[in-house]
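Worksheet for the structure shown next.
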Protein chains: 2
Amino acid sequence: MTPEEFRTEALLLVDWVADHRARIPDLPVAAQVAPGSVRAALPMSAPEAPEEIADVLADLERIVVPGITQTQHPAFFGWFPSNASLASLLGDIASGGVAALGITWQSAPALTEVEQVVTDWLRDLCGLAPQWRGAIQDTASTGTLVAMLAARERAGEHSQEGGGMQAVPAPLVAYTSPQAHSSVPKAVLLAGFGRDNLRFIDVDPVTYAMRPEALAEAMAADVAAGRRPAVVVAAVGSTGTCAMDPVAEIVRIARSHGAWVHVDAAMAGSAMLLPEMRHLFAGVDEADSLVWNPHKWLGTILDCSLLYVRDVDHLIRCMSTTPSYLRSAVDDEVVQFKDWGIPLGRRFRALKLWFHLRLEGAEAIRSRLRRDLANARWLADQVAAEPDWRVLAPVDLQTVCVRHEPGGMTGEGLDRHTLDWAEAINASGRAFVSPSQLDGRWMVRVSIGAEATERADVAAMWELMKESAGAC
Amino acid sequence: MTPEEFRTEALLLVDWVADHRARIPDLPVAAQVAPGSVRAALPMSAPEAPEEIADVLADLERIVVPGITQTQHPAFFGWFPSNASLASLLGDIASGGVAALGITWQSAPALTEVEQVVTDWLRDLCGLAPQWRGAIQDTASTGTLVAMLAARERAGEHSQEGGGMQAVPAPLVAYTSPQAHSSVPKAVLLAGFGRDNLRFIDVDPVTYAMRPEALAEAMAADVAAGRRPAVVVAAVGSTGTCAMDPVAEIVRIARSHGAWVHVDAAMAGSAMLLPEMRHLFAGVDEADSLVWNPHKWLGTILDCSLLYVRDVDHLIRCMSTTPSYLRSAVDDEVVQFKDWGIPLGRRFRALKLWFHLRLEGAEAIRSRLRRDLANARWLADQVAAEPDWRVLAPVDLQTVCVRHEPGGMTGEGLDRHTLDWAEAINASGRAFVSPSQLDGRWMVRVSIGAEATERADVAAMWELMKESAGAC
């Protein structure tokens with residue numbers, strides 16, 4: 001395709017995107033297609049001859065759009081916010097236009113240095129110490145895996161340079177909350193610790209935050225048994241209830257055993273932009289690594305996760321590769337992001353952040369986050385004031401965990417009721433929630449934070465919740 | 001940013017992209033900026049108030065473009081081809097427009113099923129058996145790491161479900177070629193094997209391909225010493241010389257020890273689209289996993305790497321996570337790509353491939369690959385026929401490894417000469433090559449395969465090589 005063909009065809013596509021984004025509030029929130037139906041609508045083999053853009057766009061409209069759960073919908077209250085600002089989409093288009101290959105500083109100095117700049121900008125917006133250095137990863141799953149590898153190598157005294165994880169003298173142990181995101185146990189297992197060396201530390205029954213005394217006990221027991229505490233992953237904004245593990249105390253305990261502290265603030269990290277919310281993040285500045293995702297609440301389009309570390313030299317020792325074809329004369333003067341993560345080749349993801357922050361401005365982003373916090377408090381108040389409804393966990397940020405418990409319903413009957421009314425909401429297409437389990441029972445998380453969600457949308461959701469639960 | 005603002009601003013950006021792509025042949029190929037200069041041109045903190053798109057585009061032009069090595073340039077002969085077709089850029093724009101969140105099938109059925117379809121299309125275009133199942137990863141580094149984890153878990157009998165890599169009864173050993181890409185030893189180390197358990201197997205002094213008899217000897221020695229051969233990574237199209245390791249023989253030897261065979265065909269894999277080249281890939285169909293990157297020679301914009309496996313159930317057992325908030329009623333009927341790799345959240349990368357294949361058509365892609373193969377053979381013939389010049393390795397595909405050895409120059413003097421003339425080419429801005437080491441001495445790889453590179457560009461490069469080497 002020539003640049004002139006692109007100019008013509010991209011205009012069609014931009015119009016389609018603008019039209020599509022504008023009509024999202026009128027689409028069903030949850031994808032309403034049957035398993036296999038998208039696949040069945042497509043040919044079994046690739047075309048030999050070129051097709052027309054009009055045909056591709058028609059398929060995008062006819063086949064793809066109905067098969068997408070609309071996370072940009074104002075009534076999207078599922079999982080985590082997954083915003084994809086149009087400002088950051090411009091940055092993504094620019095990234096593709098520039099078509100940089102980020103393998104070394106030399107291959108794309110601008111890719112490297114804009115990434116340094118925007119990760120520093122965000123660190124400073126969060127009020128973190130200037131020692132923190134950041135790099136863009138695809139997702140928090142990857143950032144957490146990198147942190148587990150760095151922690152493993154510190155506790156194992158760089159075993160990968162010798163006999164590897166299979167030759168560490170004492171078993172290394174990892175600790176986290178049972179409320180931690182699924183990516184945390186996955187990363188611990190992939191890093192080679194083994195499930196036997198992964199401890200889920202008790203949480204407080206009211207706040208669902210990790211109990212520091214339970215962590216201290218578990219670490220002491222492991223030490224007494226000849227094992228070595230290697231890493232603690234603190235959930236700062238847990239997936240289930242957005243619980244905030246007490247990082248300051250966790251750091252103090254971990255440090256007494258020389259263990260690494262990794263903070264998973266994938267969703268909640270955006271709240272660090274608000275000075276009045278930073279008390280919830282006390283101690284984060286003292287941790288060893290931190291992951292948070294601008295591609296969630298902050299608004300940058302997928303995929304854009306940040307991994308910050310305090311000891312970047314250690315990270316580089318764990319992750320570096322410098323074969324001859326990647327050497328250059330300036331190696332000591334520049335940052336080589338290939339040594340800060342798993343992939344060698346990197347996209348120019350920093351442009352998404354650069355465009356997002358420049359075209360939106362920090363103040364507007366903070367205002368939007370404050371809007372969402374106020375909406376969550378408002379919803380929590382409504383739920384708490386309504387008979388038969390219960391707010392199940394503290395609403396520190398934007399997640400409201402609820403149950404409808406008519407007539408003292410309990411047990412499996414309550415589970416069925418909860419899943420029924422949540423499913424009724426999702427099937428209606430009018431809103432979307434993701435049920436989750438808490439203390440072994442189903443509940444509904446109302447996760448507020450889509451860019452388009454205003455108070456009226458939250459109020460409509462509350463009416464829909466009452467209507468759906470009442471009808472089930 | 002509203003959809004209407006996006007419509008207006010995206011038009012400006014599309015024009016910029018079309019203009020930029022059109023003038024790339026007139027830009028210097030290598031970035032010509034000093035370390036730190038891009039960073040110094042940017043403010044130290046994020047803007048509080050929104051900025052204008054015109055200002056951002058002006059910075060893109062003034063600060064970013066000079067800081068990019070132009071891999072889309074017709075005289076880009078460095079590293080690997082890193083094509084970024086405008087057709088695939090349209091797919092990327094569509095992906096951002098749709099803004100799907102790929103965490104489960106339910107979150108985006110179309111994202112999942114289009115990915116199934118296009119990975120099947122490409123498998124079939126490559127002539128691979130229908131047992132192979134593919135998923136898109138960001139890069140081959142990640143795909144190879146996933147393969148190492150899967151191999152580790154097979155050889156270690158799913159140790160991660162117990163005591164982990166630190167409790168395997170016999171040390172697991174990995175084998176590869178010293179010509180393998182840097183991501184291979186990196187993945188082996190990150191997977192926890194340890195450098196002591198990574199064997200670099202001798203290569204043939206003429207073809208630079210792994211010597212199967214050396215592999216058999218190394219495996220037998222490890223077994224005799226109580227270690228367990230776990231995985232062999234075959235370089236099919238090595239980074240240095242594009243050597244093709246003999247996969248059929250490697251598979252036979254590995255299988256006799258129960259070891260996994262992973263094929264790294266990141267660059268060369270595209271040649272499997274050409275039936276007349278498939279003899280070079282004999283045995284690949286019998287391996288356990290295969291990584292190749294449409295974002296290289298095939299033309300799809302970064303990042304788009306494919307990992308194929310034959311035993312997808314094993315892969316899922318190693319990588320799966322299913323917490324309550326990600327469960328759904330259709331789990332058994334659908335593919336959950338989160339369990340085929342590291343990240344939970346996935347972009348709709350399949351659209352890049354879908355647009356690329358549909359708008360280009362398979363036949364045009366094959367023609368372009370054949371053009372590049374013919375250009376490489378032509379250049380190799382010119383070099384071989386010229387006094388004082390030498391082709392250092394077989395030119396099976398598109399990489400031509402050369403030295404200029406005037407007057408029987410050898411040793412460090414030859415190294416200096418090689419680096420001097422390569423650097424002169426890069427500094428001229430007229431073309432770009434990446435020097436590399438072979439048998440401990442520097443050489444120049446001329447890697448042909450940029451989408452824009454025609455015979456005339458290769459001929460001009462050959463004149464520039466003679467001119468630069470003659471002047472050094």
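Please treat every number below as a calculation from the coordinates, not as lab data. Quick caveat: nothing in here was measured; it's all calculated off a predicted structure. No Cβ is skipped: glycine too gets one built from the backbone with ideal geometry, and neighbour counts run over all protein chains shown.
Out of all Cα-Cα pairs in the stretch A:362-471, roughly what percent, to the nearest whole number, are more than 25 Å apart? Intermediate results must be reported in sequence, preceding the final value.
Details: 1092 of 5995 pairs.
Summing the P(r) of the stretch A:362-471 above 25 Å gives 18 percent of all pairs.
Take the Cα of residue B:19, step 7 Å toward its Cβ, do the same at residue B:420, and the gap between the two points is 4.2 nm. Treating r as the C-beta distance of residue A:217 and residue B:4 and R0 as 60 Å, the FRET efficiency rounds to 0.55.
The label point for residue B:320 and the one for residue B:427, both projected 7 Å from the Cα toward the Cβ, are 5.9 nm apart. Note on the stretch A:394-438: with charges restricted to the Cβ of Lys and Arg (+1) and Asp and Glu (-1), its dipole about the Cα centre is near 140 debye.
With label points defined 7 Å past Cα in the direction of Cβ, position residue A:370 shows copy-to-copy spacings of 6.5 nm, given to one decimal and shortest first.
Treat every Asp and Glu Cβ in chain A as -1 and every Lys and Arg Cβ as +1, leave all other atoms uncharged, and give the resulting dipole magnitude about the Cα centre to the nearest 20 debye. Could you put the intermediate results ahead of the total?
On the way: 41 positive and 59 negative charges, 153 e Å.
Magnitude of the dipole: close to 740 debye.
Taking a ≥ b ≥ c as the square roots of the eigenvalues of the Cα gyration tensor, the stretch B:3-68 is classed as oblate, since a/c reaches at least 1.5 and a/b does not exceed b/c.
With the Cα gyration tensor of the stretch A:13-108 giving a ≥ b ≥ c as the square roots of its eigenvalues, does the rule (a/c under 1.5 for rounded; else a/b larger than b/c for prolate; else oblate) give rounded, prolate or oblate?
Details: a/c = 1.84, a/b = 1.16, b/c = 1.58.
In terms of gyration-tensor shape, oblate.
The gain in end-to-end length when the residue A:48 to residue A:330 segment is fully stretched comes to 97.0 nm, 0.36 nm per residue minus the alpha carbon separation. Multiplying the residue separation of residue B:11 and residue B:364 by 0.36 nm and removing their Cα-Cα distance gives an extension gain of 124.2 nm. The alpha carbon gyration tensor of chain B gives principal lengths a ≥ b ≥ c with a/c of 1.5 or higher and a/b no greater than b/c, which makes the shape oblate.
With an 8 Å Cα cut-off and a minimum separation of 6 or more residues, compute the relative contact order for chain B in percent.
Details: 843 pairs, mean separation 102.6, N = 472.
22 percent.
Each copy carries residue B:386; placing its label point 7 Å along the C-beta direction from Cα gives inter-copy distances of 7.8 nm, listed from smallest up. Residue by residue along A:137-148, Cβ atoms of other protein chains within 10 Å of the local Cβ number 4 on average.
Report, as an integer, the average count of C-beta atoms from other chains found within 10 Å of each Cβ along B:432-440.
On the way: counts 1, 0, 9, 4, 5, 4, 1, 0, 1.
Mean number of neighbouring Cβ atoms from other chains: 3.
When A:409, B:465 are arranged by Cβ crowding within 10 Å, least crowded first, meaning fewest neighbours, the order is A:409, B:465.
Each residue, residue A:388 and residue A:161, gets one label point 7 Å from its Cα in the Cβ direction; the gap between the two is 6.6 nm. The calculated 222 nm mean residue ellipticity attributable to helices in chain B amounts to -12500 deg cm²/dmol, summing -39500 (n - 2.57) over DSSP H runs of n ≥ 4 and dividing by all residues. Placing a label point 7 Å from Cα along the Cα-to-Cβ axis, residue A:130 is separated from the same position in the other copies by 6.3 nm, shortest listed first. The mean number of partner chain beta-carbon atoms within 10 angstrom of a residue's beta-carbon across peptide A:50-62 is 4.
First measure r as the distance between the Cβ atoms of residue B:282 and residue B:313, then evaluate 1/(1 + (r/R0)^6) with R0 = 35 Å and state the FRET efficiency to the nearest 0.05. If you can, show how the numbers build up before the last one.
On the way: r = 27 Å, r/R0 = 0.76.
Efficiency, from the Cβ-Cβ distance: 0.85.
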